[in-house]
Amino acid sequence: MTYEELIRDHAGEMIEKLVTDVVTKEKAEIHFEDAGDDQWSVVRMHIYEEDKEIALRLHANDVYELYFGYYDDKDEYFEIIRKLSPEEKDVIPKGLQKIMLKVLRDEEGLRVPGTLLTRNA
């Protein structure tokens, strides 16, 4: 299975893996980033032994993206970015969605207890 197929066909599983990693940390970090006119809040995990990164991005207008970055055998870095469907977005705990929205609005990252992100109210 290629990474493109993984992102296309198994996005929900990847989101669950990322969310599990983030919420089990004592302190989770949600960052604010921008590139040109685009801005987003992001939460990420790194799989260092495999040179991979999985991230969840929130852009304006409630647009969520799954980001997957990796190095190939020639040490070239590749990125795959895929917009999430409403069903895939529903996998994200409401607490994490609220904090990501706050970071995006305030244009400032936060470090919060991972357990805070699991709240669904």
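Every number here is computed from the coordinates shown, using simple stated rules; none is lab data. Just so it is clear, the model here is predicted, and its values are computed rather than measured. Cβ: placed from backbone, ideal geometry, glycine included. Neighbour counts: every protein chain shown.
Looking at the stretch 30-50 only, could you name the residues that are part of a strand (DSSP E or B) and of a type outside the set (D, E, K, R)?
Across the stretch 30-50, the qualifying residues are Ile30, His31, Phe32, Ala35, Gln39, Trp40, Ser41, Val42, Val43, Met45, His46, Ile47.
Within the stretch 104-119, identify whether any single residue is part of a helix (DSSP H, G or I), under 21 Å from Asn61 (Cβ atoms) and either out of contact with any strand residue (DSSP E or B) (no Cβ under 8 Å at 6 or more places or on another chain) or without any contact (Cβ under 8 Å) to a residue 24 or more places away in the chain (or both), and answer yes or no.
Yes, the stretch 104-119 has at least one match.
Kindly indicate whether Thr2 is loosely packed, with under 11 Cβ neighbours inside 10 Å and β-branched (Val, Ile, Thr).
For Thr2, the condition - loosely packed, with under 11 Cβ neighbours inside 10 Å and β-branched (Val, Ile, Thr) - is met.
Given the condition without any contact (Cβ under 8 Å) to a residue 60 or more places away in the chain, of a type in the set (S, T, N, Q) and closer than 20 Å to Pro113 by Cβ, answer yes or no: does some residue in the stretch 93-101 qualify?
Yes.
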